[in-house]
Amino acid sequence: MATQRTLAIIKPDAFRKGYTGPILSRVEQSGFRIIGLRLTRLDVPAARAFYHVHRDRHFFDELCGLMTCGPIVVMVLEAESAISRWRDLIGPTDAAVAGPDTIRGQFGESVSHNAVHGSDAPEAADFEISFFFDESDLV
């Protein structure tokens, strides 16, 4: 197994409810190294650019609206098989069917309000990390 990086986002719904601390604790307790961390806010053009791969999907405008409604916490996680491990930890996109041991199961509400984002492939992780961070930002 190789050390890998992935992007994780604590979404506005989870940030607003005060779940940032507990989610960060889960990240660290699960063996991820946080090598980049930033509190920021997306505007609509940035959200549309970040989620460009979904531009033809019916949920694109709603997704961009949800991601611009408040602050987000973006982080770069590093671990062996980070992408798959993070995806396992966060659970399925629909928080209503995510297990209670997953981040989405514990902190999410629905498919739209699902608390966190995670890169789904190495190419996506590379794009998403560089969207928010310069290499010099990572420690």
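The values are calculated or read from the model by the stated rules, or taken from the named source; none is laboratory data. Predicted, not measured: the structure shown is a model, and the values here were computed from it. Glycine gets a Cβ as well: all are built from the backbone with ideal geometry, and neighbour counts include every protein chain shown.
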Taking the condition of being part of a loop (DSSP other than H, G, I, E, B), buried (at least 19 other Cβ atoms within 10 Å of the Cβ) and under 11 Å from the mean Cα position of the chain (by Cα), how many residues in the stretch 106-132 meet it?
3
If you go through 72, 103, 35, the only one that is in contact with a strand residue (DSSP E or B) (Cβ under 9 Å, 6 or more places away or on another chain), surrounded by 18 or more Cβ atoms within 10 Å (Cβ to Cβ) and closer than 21 Å to residue 4 by Cβ is 103
Among 98, 79, which is the only one that is surrounded by 14 or more Cβ atoms within 10 Å (Cβ to Cβ), farther than 30 Å from residue 135 by Cβ and over 15 Å from the mean Cα position of the chain (by Cα)?
98
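One line per residue, one yes/no per condition, for (1) touching a Ser or Thr at 6+ places or on another chain (Cβ under 7 Å); (2) hydrophobic (A, V, I, L, M, F, W, C); (3) closer than 19 Å to residue 85 by Cβ:
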{"site": "100", "(1), (2), (3)": "no, no, yes"}
{"site": "103", "(1), (2), (3)": "no, yes, yes"}
{"site": "108", "(1), (2), (3)": "no, no, yes"}
{"site": "113", "(1), (2), (3)": "no, no, no"}
{"site": "116", "(1), (2), (3)": "no, yes, yes"}
{"site": "120", "(1), (2), (3)": "no, no, yes"}
{"site": "124", "(1), (2), (3)": "no, yes, yes"}
{"site": "134", "(1), (2), (3)": "no, no, no"}
{"site": "137", "(1), (2), (3)": "no, no, no"}
If we scan the stretch 18-29, do we find a residue that is hydroxyl-bearing (Ser, Thr, Tyr), more than 19 Å from residue 134 (Cα to Cα), at pLDDT 95 or above and part of a helix (DSSP H, G or I)?
yes
